[in-house]
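Colleague: Got a structure here, written out as C-alpha cells. Questions coming.
What follows draws every value from the coordinates through simple rules; no lab data is involved. Computed from a prediction, not measured in an experiment: that's the story for all the values here. When we count neighbours, we look across all protein chains shown, and the Cβ atoms used for this are built from the backbone with ideal geometry, even at glycine.
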Amino acid sequence: MGSIAVVGSINRDLHLRLDALPRPGETVLTDALVTTTGGKGANQAVAVALANATCHMVGAVGDDAAGVAALDTLRAYGVDLGEVHRLSGTSTGTAVVMVDSQGQNSIVVAAAANLALTPKQVTASLRAIPDVTTVLAQCEVPPESVAAAADFARSTGARFILNLAPYRTTDPSILKQCDPLVVNEVEAAALAGDLGLEADDLGTLSLALAQMCHSVVITAGARGACLARGSTSTMIPAPAVDVVDTTGAGDAFVGALTAGLDESGDIDRACRIGVEAGSMAVQHHGSMP
C-alpha cells in the first residue's frame, strides 16, 4: 500500500431531522439541528482513513471558523491535511442536509471554496505527496481540477477512481482512465443517456458503461452494488439492516472500496468491503459517524 490522495470537497454540514421532507412552498419546523463536517471528498477521505489506509486530502477551505472546524475533524480521523489550501476572503463550503423519518435525504450544497480549487493547485499538491498509488476524485470541485487529478494519475501510473457525483457530463478521455468509475443508479442512467447507450437492467447498464472505462461499479442502495469489467457483470448483495440515515452511505462505500483496492488490487473483494461499509453507514445519523 502507498498513499491514497483524495481530491475533493470539504464542507460544514447542517443536518436537519424532519418527520417528512418539505414540499414546494411548505415551511417545516424542527429543533433537531446538528452541525458536522462533510463534503463528498472529506467523507470519502475519512472512510479511507478508517479502513487503515494512508490518506492525504487535496482540497480547499475558507479562512473562516467553519474551515478550522472541518480541518480539526479530518485531522482527528487521521487524514493528512498538508495539501489542503486555506483561501483568504473565501467561505468554506456548506451543505444543508434534510433527513426524514425513513432515513431518506435531500441535500443542497453551497460549494464556495471547493469551486476555487484550481488545476495548478491540484497538480502541485499531488506531486508533493509521497508515493501516490491511488487518486480518488468526485465532482464537487471544478471539472478542470478533476481532469488535473486524472492527468497526474496517468503520468505517474497511479490508479484513478472517479465517483461521478454529483453527476455532470465528463470527457470520455477521463472516463477511459477510471478503474473503477463509481456511480449510483441515477448517475449511471444520466451517463448512459449522454453517451447514447441503451440498457434494460442494472447488469446490462453496467456492461455498457464498462466499455467506456477499465471497470465500473453501480451502487444500488439496499440491493448492493453491480461490478462490471469487460464482458463480466457481478451483483454484490447488501446485508439487510435497519436504515436510520442514508446520508454518506455512498461515500462510505467509495472510501472503503478505494482502500481495499489499494491494498489488494482485487476489485471484487474491494466492492464487497465497500458494500459492508455502506451498510454500516446507514445505521447511524450523519455521514462521518
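Colleague: Over the range 1-115, what is the percentage of antiparallel beta bridges among all DSSP beta bridges, to the nearest 5?
Modeller: DSSP beta bridges in the range 1-115 are roughly 40 percent antiparallel.
Colleague: Taking GluC sites (Glu not before Pro) as candidate sites, keep only those in a DSSP loop with at most 12 other Cβ atoms within 10 Å, then name the longest stretch of the chain containing none of them.
Modeller: So the longest stretch without any such site is 27-197.
Colleague: Over all directions, the average projected area of the alpha-carbon convex hull for the range 13-125 comes to how many nm²?
Modeller: Reported value for the Cα convex hull: 8.5 nm².
Colleague: Let me ask something else about it. Can you tell me the Rg and Dmax of the range 100-186, counting just the alpha carbons, in angstroms?
Modeller: 14.3, 47
Colleague: Still on this structure: Tell me which residues come under 5 Å, amide H to amide H, from Gly38 once H is placed; ignore anything under 5 positions away on its chain.
Modeller: Close amide H contacts, sequence-distant or interchain: Asn11, Arg12, Asp13.
Colleague: In a Gaussian network model over the chain where Cα atoms closer than 10 Å are linked, find which of Val217, Val28, Val183 has the largest mean-square fluctuation.
Modeller: With Cα springs under 10 Å in the chain, the top fluctuation among Val217, Val28, Val183 is at Val28.
Colleague: Another one. Can you give the helix-only mean residue ellipticity at 222 nm for the chain, where every DSSP H stretch with n ≥ 4 adds -39500 (n - 2.57) and the sum goes over all residues, rounded to the nearest 500 deg cm²/dmol?
Modeller: -11000 deg cm²/dmol
Colleague: Next question, about the same structure. Measuring from centroid to centroid over Cα atoms, what is the spacing of the range 256-274 and the range 114-162 in Å?
Modeller: When both Cα centres are located, 20 Å separates them.
Colleague: Hey, what's the Cα Rg ratio for the chain versus the globular rule of thumb, 2.2 N^0.38 Å?
Modeller: After normalising by residue count via 2.2 N^0.38 Å, the value is 0.94.
Colleague: For the chain, list the cysteines whose Cβ sits under 4.7 Å from no other cysteine Cβ?
Modeller: Here Cys55, Cys139, Cys226, Cys271 come out as lacking a disulfide-compatible partner, given the Cβ-Cβ threshold of under 4.7 Å.
Colleague: Highest GNM mean-square fluctuation, the chain, Cα pairs closer than 10 Å: which of Pro24, Pro180, Pro119?
Modeller: For the chain, modelled as a Gaussian network with Cα springs under 10 Å, the answer is Pro24.
Colleague: Roughly how many debye, to the nearest 20, is the charge dipole of the chain about its Cα centre, given +1 on each Lys and Arg Cβ, -1 on each Asp and Glu Cβ, and no other charges?
Modeller: The calculated dipole for the chain is roughly 480 debye.
Colleague: To the nearest 20 debye, what charge dipole does the range 1-106 have about its Cα centre, counting +1 at the Cβ of each Lys and Arg and -1 at the Cβ of each Asp and Glu?
Modeller: In debye, rounded to 20, the range 1-106 gives about 160.
Colleague: Positive end of the charge dipole of the range 1-104 (Lys, Arg +1 and Asp, Glu -1 on Cβ, about the Cα centre): tell me which of Thr92, Ala42, Thr54 has its Cα farthest that way.
Modeller: Thr54
Colleague: How large is ³J(HN,Hα) for each residue in the range 93-107, as worked out from phi by the Karplus curve 6.51 cos²θ - 1.76 cosθ + 1.60 (θ = phi - 60°), to whole Hz, x for Gly and Pro?
Modeller: Couplings: x, 9, 10, 9, 10, 9, 10, 8, 5, 8, x, 7, 9, 10, 10 Hz.
Colleague: For the chain, modelled as a Gaussian network with Cα springs under 10 Å, which listed residue fluctuates most, Asp242, Asp268, Asp80?
Modeller: Asp242
Colleague: About the Cα centre, and with charges only on the beta carbon of Lys, Arg (+1) and Asp, Glu (-1), how big is the dipole of the range 118-232? Nearest 20 debye, please.
Modeller: Charge dipole of the range 118-232: 400 debye, to the nearest 20.
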